[in-house]
1. Heavy atoms only, 1.4 Å probe, whole protein assembly: order ILE38, ILE103 by accessible area, highest first.
2. Output ³J(HN,Hα) for the stretch 102-107: one whole-Hz value per residue in order, computed from phi by the Karplus curve 6.51 cos²θ - 1.76 cosθ + 1.60 with θ = phi - 60°, and x for Gly and Pro.
3. So, in nm, how far is label ARG19 from label GLU44 when the simple model puts each one 7 Å beyond its Cα toward the Cβ?
4. Residue separation times 0.36 nm, minus the C-alpha to C-alpha distance between GLN69 and LEU110: what's the value?
Amino acid sequence: SDVCSSDLNLRPDSMRSLRWNLKKISEHFGEERSVTSITRSEVEGWIANLEAEGHKGRNLKNYVTYLKQFFNYAHDHKFRSDNPAELIEPPVIEWKRPSILSIEETKRLLRTAMLPDYSDLMPALVLQLFVGGLRTEETNRLQWSSIDLSERTVDIDPAVGKNRKDGDWRIATI
């Protein structure tokens, strides 16, 4: 798995997610089953089962994406001559405007965050609430040295940013 994670250049969280999704695929189709024996109708059936179980939106789209990636890998490395998931369309996710907390909800959230059991969450909570455009994982990876209160900025360097491979360095304004 170390070779796999270094070859794929994935963060530990991404590697964990990949392993978890591949485990789900393996559990459904059978761990001892050859990848060449899985048919498109079986792949479609699994997606239909996921929908029937209540999976929807981003979750279902992620399953379709992982299936496509898995079978693309198998095809590219000559384990299969085709990709049975290739023509499966991921669900369209409706974009919804983010909801904004009311003043009362914000007060309640901040009061809870100040409780001793949650005090370690306060820096991340403040950044998440008051610095626009930070992803949750970016907030979790930030170092205090990246925050310049006098300039009211947060430097999101490539090691923190989602698209680190592209040198995604950006500055968020507080």
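1. Ranked from most to least accessible, the order is ILE103, ILE38.
2. 6, 4, 5, 5, 5, 4
3. Once both label points are built, they end up 3.5 nm from each other.
4. Full-extension gain reported as 10.7 nm.
The values are calculated or read from the model by the stated rules, or taken from the named source; none is laboratory data. What you see is a predicted model; the values in this text were computed from it and never measured. Because the Cβ atoms are built from the backbone with ideal geometry, glycine has one as well, and the counts that use them run over all protein chains shown. The accessibility values were calculated without ligands, DNA or RNA, using every heavy atom of the protein model including side chains. Shrake-Rupley method; radii C 1.70, N 1.55, O 1.52, S 1.80 Å.
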